[in-house]
Structure formats: structure tokens, C-alpha cells
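What follows is one structure encoded as C-alpha cells, with my remarks underneath.
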Amino acid sequence: MAAKPESDRFDNLPDNLPSNLQDLTDAELYKKLKSGYTDALGIIYDRYSKLVYSLALRTLSNPQEAEDLTQEIFLTFWQRQTYDPARGSLGSFLSTLTRSRSIDKLRSRNVVTKFLQRWGQVVQTAPQPPSPLEAASLDQRSQQVQAALQQIPEQQRKVLELSYYEGLSQSEIAKQLNIPLGTIKTRNRQGLLKLRHHLQDLIG
Amino acid sequence: MTSPLPQDLEELIAGYVLGNLDPQEVQKVEQLLAENPDLIAEVNGLQETLALLPYGLPKISPPTHLRTAILSSTAFDSSPEIKAKIKTNSIPLGWTLILVGIPTLLAIFFGGESDRLRQDLVTAQSQIVQQKDAIAMLQQSSTSLVALKGMDMASSASGNMVMTPGEPQAVLVLRNLPTLPEGQVYYLWAVVGDKKLPFGSFKAGSHGNVVSKFAIPNSENIEALIITVEASPSATEPAGPMVMTSGA
């Protein structure tokens, strides 16, 4: 369902409500949401909540914070309505927004640490496994991305992931891996270019 | 799309998307983009690639109550078309029922009443959520309070900033703060050296009470908190009088 392509049906959407929102593309659902039909948000949530939550959890390493951020992302998406279907897929919009907010929160942790000069133990709860029905929705895209990542040299993948998920600067990565800055920059760029090459089908 | 670009230009654009270029290189790429709009597709394709990265993560479902909480939040700011739909929404359970569901049921019950009643319910719901945040933070043993004292026009005001390690947001709880005339807002700032970083604006409710949640500004050396009166809710530096301070 999540892999349903955006189509030119977006501009020709009939005004009457569809009998089944599940059948609409992301762009069609978004148009419904903008016109005040908030049930569309439920379908969008069903399609993308795992993507958003998994990314928030990977970056923040804290289920409660990931849950809060997921809520913030979907409510921001609904309230501000800044997504433009003509500029990219909804999944990419949501993952970019989630990544950006996650990194902001990671950085603000340092503020809290310094300000209070002590840390409490954060209570961790076990994440819930996905239901079979939920697991079906993003599988196609996930498999393609996982396969593409496997085709990238490990060194390049590692730099790409450190940069993306942990928000580390190139010089921070160079320091952490004890590798020259120039090498890190090259690995990051080549990793991204190779990933795009392997994901042409998804990007178009 | 297979890129026909020379390798060095391809890498330069990749670096641009990754944000790892030096200022001269950024300038060079932006000039190239201005001169050759076809390159913008290259940038977009790489940005889209980067945004696909999280699809490679093991997928984990958020807790099931989150969906209900999010959709309940949308029930209060919707068109007339949606107000009719509220009746068919599933009823939240547990705490969500108490905190969010009761206003929902009231909204259904008073469905034909005025917008003002609906607005009151929205305000009440918002206050309940904020108070829930404050209570949740206070219940954590590691929570700290930063006391704030009023001065001048707000000399009887007092309260605390509630902060919890690991929590990127903090809750401001104040009382006896005078209600401001239309067009003015209170503004909370973090003092860092000789700079003031904005938390955000807020208003005092009835009886001078405030419960507001703010994202903590991105700075590592906050020395004190101050509250000023500002004419703009999007102020970037304090221009109005200071009315409360943590005094730290």
C-alpha cells in the first residue's frame, strides 16, 4: 500500500468522498486532509507510522521520546500542511522531517545535561513487534532499500549512517573512526551516489 | 535516472546534498544550479535517496494507543464536515479516555452549540494535556525545578520551570501573572553569556495561571531564565521590559 505511486489523479480528484479511503494514493489522501477530512490522517498514519517511529527510535534510542516525536510529526504534518506532492513522495517528506527533528532533540540533550548537571536513568520499554498486517505495508520499499544498502561498500555505508542517523559532522565522524576528514567526505558522497544508483526504480 | 555528469561534479553535488562542502564549494554548486536548472533534478534525486535511507531500518510499530491519541487531537480543529464525523470515531481507552475522550464526548453532546463552546473545550483539552505533561515530569525523580520570581508589574508572580534530564522540552508553571493587553505576549528567554535565546511566547490564563511547554533552545550553557513582555509573538531578541527572572 505504501508503495502506491503518486499519480496524476491528484489533480483530477472528484469532490465526492470515496467509499474506501484505503484505495487512495498518498497525494489524494493529502488533498482530502487539506480539505478538512481528518480521517485521511488515520490512513496516512497507518502507512507511515512505522517508518517515522523506527527512524525516531533509531536516532533517539528511547521509546518514549520516539513515541512523542512520532506524535509531533503527524500532528505537525496535519496542522501546518506544508507538504507539496509535486516536490517528492510523502514518505520522503515525513522521513526528512522526522530525521531533522530527531537530530534537533539529540543536540538539545546536551543542553539539558549541562544545565542540570545530572542525568536520570531513562526507563526503557520493549518496542512492540509489528503485526502481520502492518508489516505488509512498507515491505516492498524496505526490501529494495535494504538490498541497495547491501550493495554499498561497508565503509561507505557506515559513514552514511553515522551522518544520517546520529547527526554527526564529517569531522566528528573522522575523529570517531580515526580516519582522515577527506576520506570520510569521499566515502559519504560515494555512498550516497551508489545508493541512488541502486534505488533508481524507487526514485524515478 | 543515470547521471551523465562528470564524476567530480557528481561528487560535488552529493557533497552539497550531504552538507559537507566548504563555503567556496557551496557557492560554486549554487552558481552551477542557477546557470543550469537541469542540475536541480540531480539534487532532488540525491535528497530523495537520502530520505529513503530509513526504509532500510528494521520496522518497529509504535504503541497502538498512539494512533488514537493523534486522531483524537485532530477532532477539535476540524470543519463542520468533520464535526459530524466525530460521532463515528472510536472512543479512546484508559487515560486517553479521561484526558481526551471526555471533551470529545462533550463536543458530540453539544454538537450544535456555538463555536465559543467548542473553543472553550479546545482550551480545556489543551490545559489538561499541558497539566498532564507537568505532572508526568514532576513524577520523575530526576526532575529539577528552576524557580522564577516576578518583578515590577508582575511583582506578585511566581512559579517554576520544570525540567527533566533527557527530555528536550520543559514545562513552565506560573501563577499571579497579570493578563496583558491585546497585542502583547510574555516571552521566555534563556540567558547564555550576553545573549538571550528564545524559548517562545505565552499568555497568562484566567487567574494569572500559566502552564506552557517549550522546546529547550539549542545551547549548552544556559545560565538563567528571564521573562519579558513583547509586542511580537515571534521576537528574536528581548525588546520589552523584564518581568520575571530565575535570578541565577
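The values are calculated or read from the model by the stated rules, or taken from the named source; none is laboratory data. Quantities reported herein were computed from a predicted structural model and do not represent experimental measurements. Methodologically, a virtual Cβ is constructed for each residue, glycine included, from the backbone with ideal geometry; neighbour enumeration extends over all protein chains shown. All accessible areas refer to the heavy atoms of the entire protein, side chains included, with ligands and DNA or RNA removed. Shrake-Rupley method; radii C 1.70, N 1.55, O 1.52, S 1.80 Å.
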Q: Please go through the stretch B:1-26 and pick out each residue that is closer than 23 Å to A:I184 by Cα, at pLDDT below 90 and open to solvent by 50 Å² or more (accessible area, probe 1.4 Å).
A: B:P6, B:Q7, B:D8, B:G19, B:D22, B:P23
**Q.** Where B:G240 falls short, out of the listed (1) at pLDDT 85 or above; (2) in a strand (DSSP E or B)
**A.** (2)
**Q.** Wholly enclosed helices (runs of 4 or more DSSP H) of the stretch B:1-52 bearing at least 3 residues farther than 24 Å from A:S163 by Cα
**A.** B:23-35
Q) Quick one: in the stretch B:151-164, which of the residues that are open to solvent by less than 10 Å² (accessible area, probe 1.4 Å) and within 14 Å of chain A (Cβ to nearest Cβ) is modelled with the lowest pLDDT? A) B:T164
Q: Collect the residues in the stretch B:210-224 that are at pLDDT 80 or above and either loosely packed, with under 15 Cβ neighbours inside 10 Å or outside the structural domain of B:V185 (by TED's automatic domain parsing) (or both), keeping them in residue-number order.
A: B:E223
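For the subset of the stretch B:32-49 comprising residues that are more than 14 Å from chain A (Cβ to nearest Cβ) and open to solvent by less than 30 Å² (accessible area, probe 1.4 Å), which member is nearest to A:G88 (Cα to Cα)? Don't jump to the end; show me each part of the working.
To start, the set of residues in the stretch B:32-49 that are more than 14 Å from chain A (Cβ to nearest Cβ) comprises B:32-39.
If we keep only those that are open to solvent by less than 30 Å² (accessible area, probe 1.4 Å) as well, we get B:33, B:39.
Values: B:L33: 19, B:L39: 16 Å.
This residue is B:L39.
For the stretch A:172-179, check the following and say yes or no: at least one residue is under 24 Å from the mean Cα position of the chain (by Cα) and part of a helix (DSSP H, G or I).
Going through the stretch A:172-179, the residues under 24 Å from the mean Cα position of the chain (by Cα) turn out to be A:172-173.
Filter once more, keeping what is part of a helix (DSSP H, G or I): A:172-173.
Yes, the stretch A:172-179 contains a residue that is under 24 Å from the mean Cα position of the chain (by Cα) and part of a helix (DSSP H, G or I).
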Q) What about A:Q190, is it crowded, with 17+ Cβ neighbours inside 10 Å and not assigned by TED's automatic domain parsing to the domain that holds A:T96? A) yes
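Identify all residues within the stretch B:199-223 that are within 21 Å of A:L69 (Cα to Cα) and touching a Leu at 6+ places or on another chain (Cβ under 9 Å); write none if there are none.
At the first step, the residues of the stretch B:199-223 found to be within 21 Å of A:L69 (Cα to Cα) are B:199-200, B:211-219.
The answer is B:F199, B:G200, B:V211, B:S212, B:K213, B:F214, B:P217, B:N218, B:S219.
Could you please give the count of residues in the stretch A:75-102 that are over 12 Å from the mean Cα position of the chain (by Cα) and either at pLDDT 85 or above or more than 7 Å from chain B (Cβ to nearest Cβ) (or both)?
Taking the stretch A:75-102 as the starting set, the residues that turn out to be over 12 Å from the mean Cα position of the chain (by Cα) are A:75-88.
From what's left, either at pLDDT 85 or above or more than 7 Å from chain B (Cβ to nearest Cβ) (or both): A:75-87.
Number of matching residues: 13.
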Q) What tally of residues in the stretch A:1-34 results from selecting those that are under 21 Å from A:R87 (Cβ atoms) and either open to solvent by less than 70 Å² (accessible area, probe 1.4 Å) or modelled with pLDDT under 50 (or both)? A) 21
